[in-house]
Structure formats: structure tokens, C-alpha cells
Amino acid sequence: MMASMKQSQLFTKTRKEAPRDEEARNAQLLIRAGFIHKEMAGVYDLLPLGLRVVRKIENIIRDEMDGLGALEIQSSALQKKEAWEQSGRWNDEIVDNWFKTELKSGQQLGLAFTHEEAITSMMKSFISSYRDLPIAVYDIRTIFRNEERAKSGLMRGREFNWKALYSFARSKEEHDTFYEKVKDAYLRIYEKLGLGGSTYLTYALGGSFSPYSHEFQTLSEVGEDTIYISDEQHIAVNEEALNEEVLKDLSLSREELREAKAVEVGNIFSLGEKFSRALNLTFKDENGTEQFVYMGSYGIGITRLVGVIAETMSDERGFIWPESIAPFQVHLLVFGENDTLRIEAENLYHDLKNAGIEVLYDDRSARPGEKLADADLFGIPYRVVLSERSKEQGGVELKERKGDEVEYIAQDRLLAELQQRIETI
């Protein structure tokens, strides 16, 4: 993807109103700004600006997964019925949100909604000895879920992007060590996304092979979950898991917890031997004894994160993207048709671009009010305006999207000023 671009290259257009059939604020804003296009309920196209945001989130996640020593793969969206029958999850009474299809031969297939069975089956080709373990692989791809209700925009889609990590260990102890590293990596990811202060490691039900599973919940009034937060420990308990036994185990008292609405933005599970037993994934230990592989599963909804950030980092004018995932770092605007100003703006665009700053240059012949409204809607961290007025004030106008203060800076100082601000974020 181009690091910088001119706005006249964008085929997308901003809108003053969102589609009437879109209820979720995150999708309304993203559609208005031209980041996504709605195909149907729960199904959205990623347009150039939206795709840039998604790619940046992916790369933050990818860096942390690579840091764990996990290897990236690209798994298939089409999955064999047989593996799911072995685990018992092909049955619609067990899993009711399948998208199923079939080959011309009549063979039934599933469109991937998760990959425990497929990855476990695949690993039978590569794991046979204790020397082959531990292994961790992750996948960033499109997932399909036949949701009955899809009215939350990007926060609950029928087709969405996610990252799934699967770990394979020789023992519970080896698994637990890796599990704790993943927990820390997830917290770093949310910090880098600007969600660190509002995202809580949350204790939840579902830990078949440990007392709990762990969710990562971000505070939001539109959240579907209710959590109870310990501000002192910066952890939370999901409402469904809130009982005396859990509170005692976590050294918490009900009185110190505050209730809040939140959105789940990630989860991690100890799978134990559930899937390795079902699909007969084994290894021979040092004594030649056959053992079942101990597994873990770790997910993050990437497009869901876009929806959560759109909900929580925006105002009445538009987005306020964190610099780490904003589609561009700087939005350069030029006002008027003055040839001299336009040449200066063009030169400034190339200077910033050549210095490695990601710039969206609004070179359109549009009115200043329209350009400013679009800039607020896009939510790019820094706005630079070159106009007759800015020239009278000594250079260019510089404003951060998250604040109201406008500064006037000499053009020859702008690059250094932006580099310093961007480096300190």
C-alpha cells in the first residue's frame, strides 16, 4: 500500500448521512467516512482507508505473535466435514452458526468459523515425537459465522477478519508458561492500539482444563457484556463468572468492584487434550510412550477492534484515530486556487512523503469548509493547512485532531516538528 497519497486518487466519497438500515454507530461513521461499504447486514467491504487501518492493526498483532516465536501460516477457509465430526461439532445442534456448502461431487464442507479441528488435523502430519514440540502457529484471515443477529456493525459480523493462534505443548506446565506469555502479549497489543487504559484482563467461564478462560474486555456503552472491575488490580470478572468462589480465588470482594458495559476484544483458552484426543494427535515422549498433545487457543477479532475503536475514539465530528493505526499520520490541506500556494503545497507533500511521513494530501478543488469537515471525519492525527491566512500568520496551520489548539509554524520548521511529535507518541 502507498505510504502517502493524494485525496483526488480516492474513489470513495464522504457522506453527511449514514444508510438508514445501519443501526451501529461504528458502522455509520465508517460508512460516512468511506472506510467501509455495506454489502448486507454483518458483511462489509474494506475500502482503501479502512484497509489501511486493518493492515496496521494486523502488523501490531503480527509483531507480538512473532515475538512469542509463533510462525504465521495461511489456512484454508474450506474445512472438511470429517474432522468436525470427530470433535462432535459438525452437528448444528452443537454449533448453530455454521455456513455450510458442498462440492459438485456432493461432499459437504464448512466455511471456517474457527480452526481448532483443522489445525489439529494438519499437525498430525508434523508432530510425532517430543522433539517436535512445542509449536505455536497463528493465522490472520477471514472467518464466517452465520449470526442470527448482526446489528452491531463491525463488532459482530457474519464475515470478519481475525487472528487465531494455536499452541501445541508436551505438558500442561509447558503450555502454562506459553499461556502467560500470550496474556502479556495481548495486553501489549491493546496498549499499542490506544486501548490499554480501557481494556481489562477478564476472568470468565469456559476453562474446561483450568479454573477459567480469559477474555480481554474494552469498556463501551454499546458492549454486550457486563463486567465487574477491580481498579486496584486492573482486572475484571465477567458477570457470568461472578460468584463467591471466584472472588475468593482472586482475592477480591464484591464491594470493591464496579459494574461496567464492555466489548470482548480477545480471548485465550487452555484446550488441554480435548481436540488432540478427538483427532488422535499424539507424540512419543522420551520413554517412547504415546502421549496426547496439550493445546491452547488464542483469538483476536481484528475488524471487531476497528469497530470498538470507532465507537470509543470518536466525537460528533468523526474519528480520533490513535497514531499507531490511523490511515495516515498527517492530513495536508490547501485552500484556494492560488497557483503559488498549490505549488508550495505540492512541494510540502513531497518533502513530508520523502521524509517517511505518511501523508494524505487533499488536493481537491473543494471549499475549505468541506475539506475541514472531511478532515475531522477522517480523524487523522495531525492536520496541516496551507492557505493565504496561514501565510499571513507566518507559515502553515498545525492542529492535532484530539485537541482544539491551532498553531502557526514556519514551513521550514514543520518537518522537524512533526517528526518530533510522531516519534514521541
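The values are calculated or read from the model by the stated rules, or taken from the named source; none is laboratory data. Since we're looking at a predicted model, the values are computed, not measured. Note that we place each Cβ from the backbone using ideal geometry, even for glycine, and neighbour counts take in every protein chain shown.
Listed values, structure above:
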quantity	calculated
Selected residue (only one of GLU388, GLU392, GLU417, GLU397 is more than 28 Å from the chain's Cα centre (by Cα) and more than 19 Å from ASN347 (Cβ to Cβ))	GLU392
Subset of segment 132-170 [of a type in the set (D, E, K, R) and under 30 Å from PHE283 (Cβ atoms)]	ASP132, ASP139, ARG141, LYS163, ARG170
Residue count, segment 285-329 (criterion: more than 15 Å from ALA24 (Cα to Cα), among the hydroxyl-bearing types (Ser, Thr, Tyr), in contact (Cβ under 8 Å) with a residue 40 or more places away in the chain and assigned by TED's automatic domain parsing to the domain that holds HIS175)	3
Test: GLU286 is of a type in the set (Asp, Glu), modelled with pLDDT under 95 and exposed (fewer than 14 other Cβ atoms within 10 Å of the Cβ)	no
Some residue of segment 298-307 being farther than 30 Å from ARG170 by Cα, in contact with a strand residue (DSSP E or B) (Cβ under 8 Å, 6 or more places away or on another chain), loosely packed, with under 15 Cβ neighbours inside 10 Å and not aromatic (Phe, Trp, Tyr)	no
Close pairs from segment 5-29: first under 15 Å from ASP363 (Cβ atoms), partner part of a helix (DSSP H, G or I) and of a type in the set (Ser, Thr, Tyr), Cβ under 8 Å, at least 6 apart	LYS6/TYR349
Given (1) modelled with pLDDT of 95 or more; (2) in contact with a Ser or Thr (Cβ under 7 Å, 6 or more places away or on another chain), index of the condition PHE269 fails	(1)
Selection count where residues are buried (at least 16 other Cβ atoms within 10 Å of the Cβ) and either assigned to a helix (DSSP H, G or I) or β-branched (Val, Ile, Thr) (or both), scope segment 125-135	3
Residue identified as out of contact with any Gly (no Cβ under 9 Å at 6 or more places or on another chain) and either under 23 Å from ILE309 (Cα atoms) or buried (at least 19 other Cβ atoms within 10 Å of the Cβ) (or both) among GLU64, GLU72, GLU85, GLU22	GLU64
Qualifying residues in segment 308-337 (those that are acidic (Asp, Glu) and surrounded by fewer than 21 Cβ atoms within 10 Å (Cβ to Cβ)) - the one farthest from ASP404 (Cα to Cα)	GLU337
Helices (runs of 4 or more DSSP H) fully within segment 322-425 counting 1 or more residues that are farther than 30 Å from GLY307 by Cβ and β-branched (Val, Ile, Thr)	339-354
Residue match in segment 278-288 (condition: among the basic types (Lys, Arg) and within 24 Å of the chain's Cα centre (by Cα))	no
Scan of segment 79-90 for residues that are among the basic types (Lys, Arg) and in contact (Cβ under 8 Å) with a residue 40 or more places away in the chain, ordered by number	LYS80
Boolean, GLU240 is modelled with pLDDT under 95 and more than 22 Å from LYS183 (Cα to Cα)	no
Filtered residues of segment 16-35 (kept if outside any helix (DSSP H, G or I), charged (D, E, K, R) and under 14 Å from MET155 (Cβ atoms))	GLU22, GLU23
Those residues of segment 367-392 which are farther than 20 Å from ARG15 by Cβ and surrounded by 14 or more Cβ atoms within 10 Å (Cβ to Cβ), in sequence order	PRO381, TYR382, ARG383, VAL384, VAL385, LEU386, SER387, SER390, LYS391
Condition check for ILE31: crowded, with 16+ Cβ neighbours inside 10 Å, within 23 Å of VAL263 (Cβ to Cβ), in contact with a Leu (Cβ under 7 Å, 6 or more places away or on another chain) and assigned by TED's automatic domain parsing to the domain that holds VAL263	no
Tabulated pairs, segment 91-106, first not assigned by TED's automatic domain parsing to the domain that holds ARG156 and modelled with pLDDT of 85 or more, second among the hydroxyl-bearing types (Ser, Thr, Tyr) and not in a loop (DSSP other than H, G, I, E, B), C-beta under 6 angstrom, 6+ apart or interchain	none
Answer residue from segment 166-182, given it is touching a Leu at 6+ places or on another chain (Cβ under 8 Å) and under 23 Å from GLU117 (Cα atoms) and is surrounded by the fewest Cβ atoms within 10 Å (Cβ to Cβ) among those	GLU174
Count of segment 268-315 residues which are closer than 30 Å to PRO381 by Cα, touching a helix residue (DSSP H, G or I) at 6+ places or on another chain (Cβ under 9 Å) and outside any helix (DSSP H, G or I)	4
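So that you can scan it fast, the table gives a plain yes or no per residue for (1) touching a helix residue (DSSP H, G or I) at 6+ places or on another chain (Cβ under 7 Å); (2) more than 26 Å from LEU195 (Cβ to Cβ); (3) at pLDDT below 95:
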site	(1), (2), (3)
ALA326	no, no, no
ALA375	no, no, no
SER390	no, yes, yes
LYS402	no, no, yes
ARG421	no, no, yes
